[in-house]
Amino acid sequence: TSVLSRLDNLLQTDTYTPKKASPRISIIMGSDSDLSVMKDAENIIKKFNIPVETTIVSAHRTPERMYEYAKSAQDRGVEVIIAGAGGAAHLPGMVASLTCLPVLGVPIKTKSLSGVDSLLSIVQMPKGIAVGALAIDNAENAGLLAVQMLGAREPELLGKVAKYRDELRDMVLEKAERLEN
Ligand code: RP5
């Protein structure tokens, strides 16, 4: 059983009520080819019943859309942005330069350079414009981190994160026990 399916009951029976109907976390990616990876961020955020939106915004192919998106995000009620991109992965950094909202970058694995290109493009930001860089293809951690950022002022939400970690721990302990017996 995956930890996510085990969490279904646990999290959905809890009573976290989103403060806003509009998306609090916004997930963007450079291409629909990034979607299979970025879905992991959406899935984990939905487990916490936080309103989330997912769309495609490309720094290179749709630069005007990227500008409009980044400039309007705060006014739309977005609190954290998760941006996935591969190769010359400028999307997280460019969006971060256009909004003061926190931006979490997910480097997407590439065929030619295995995603090291994406990672280095995202992580090597100049001082002054911050992007939080996650591991290659680890959109789930980006989603979790975004939830934890919202949770800093919402103890109920952080309590759910703690339960999630309890589930992770229990699954490891169960595996260890099976291995030992
Ligand atoms: C980036 O180029 C995207 O984020 C994607 O990871 C990569 C390849 O895009 P496609 O050519 O598959 O659309 O902009």
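Which order do the peptides 153-163, 37-47 take when ranked by the mean count of other beta-carbon atoms within 10 Å per residue, highest first?
Put in order of decreasing packing, that is 37-47, 153-163.
Helix by helix through the chain, keep the DSSP H runs that span 24 Å or more along the axis on Cα and average at least -1.0 on Kyte-Doolittle, and give those back in order. Could the numbers behind the result be given before it?
Values: long enough: 155-180 (37 Å, -0.77).
Qualifying helices, which must be both long enough and hydrophobic enough, are 155-180.
Modelled label-to-label distance, Lys175 and Ser5, 7 Å Cα→beta-carbon offset: nm?
1.6 nm
Please work out how much length the chain gains when fully extended from Glu68 to Asn49, using 0.36 nm per residue of separation minus the C-alpha to C-alpha distance, in nm with one decimal. Present the calculation step by step, with values, prior to reporting the outcome.
Numbers: separation 19, 0.36 × 19 = 6.84 nm, distance 2.68 nm.
So the extension gain works out to 4.2 nm.
Given the rule -39500 (n - 2.57) for each run of at least 4 DSSP H residues, summed and divided by the residues of the chain, what is its mean residue ellipticity at 222 nm, to the nearest 500 deg cm²/dmol?
Estimated from H runs of four or more residues: -15500 deg cm²/dmol.
As a footprinting exposure proxy, order Glu174, Glu53 by other Cβ within 10 Å, with the fewest listed first.
On the way: Glu174 11, Glu53 15.
Sorted ascending by nearby Cβ count, the order is Glu174, Glu53.
Considering amide H positions built from the backbone, and no H for Pro or chain starts, which residues 5 or more places from Ile82, or on another chain, come under 5 Å of its amide H?
Amide H neighbours of Ile82, under 5 Å, 5+ apart: Ser26, Ile27, Ile28, Leu104.
Give the relative contact order (percent, whole number) for the chain; include only Cα pairs under 8 Å separated by 6+ residues.
22 percent
Working out 0.36 nm times the residue gap between Ala162 and Arg61, then minus their Cα-Cα distance, what length gain in nm do you get to one decimal?
Between Ala162 and Arg61, full extension yields 32.4 nm more.
Percentage of Cα-Cα pair distances in segment 123-167 greater than 13 Å, rounded to whole percent?
62 percent
Set Lys and Arg Cβ to +1 and Asp and Glu Cβ to -1, take the dipole of the chain about its Cα centre, and tell me which of Ala146, Thr62, Ser118 lies farthest positive.
The residue sitting farthest along the positive end of the dipole is Thr62.
Considering all projection directions equally, how large on average is the shadow of the alpha-carbon convex hull of segment 35-83, in square nanometres?
Convex hull of Cα atoms, orientation-averaged projection: 3.7 nm².
Estimate the FRET efficiency between Ser22 and Leu113 by the formula 1/(1 + (r/R0)^6), using the beta-carbon distance for r and 30 Å for R0, to the nearest 0.05.
E between Ser22 and Leu113, to the nearest 0.05, is 0.20.
At 0.890 mPa s and 25 °C, plugging the Kirkwood radius over alpha-carbon pairs of segment 56-181 into Stokes-Einstein gives what diffusion coefficient in µm²/s?
This corresponds to a translational diffusion coefficient of 152 µm²/s.
Could you list, in their original order, any pairs among Lys109/Lys175; Lys46/Lys127; Lys39/Lys109; Lys46/Lys109; Lys46/Lys163 whose Cα atoms are separated by more than 26 Å?
Lys109/Lys175; Lys46/Lys127
None of the figures in this text is laboratory data; all of them are computed from the coordinates on show. Remember, it's a predicted structure, so these values are computed and weren't measured experimentally. Neighbour counts are summed over all protein chains in view; Cβ atoms, including those assigned to glycine, are modelled from backbone coordinates with ideal geometry.
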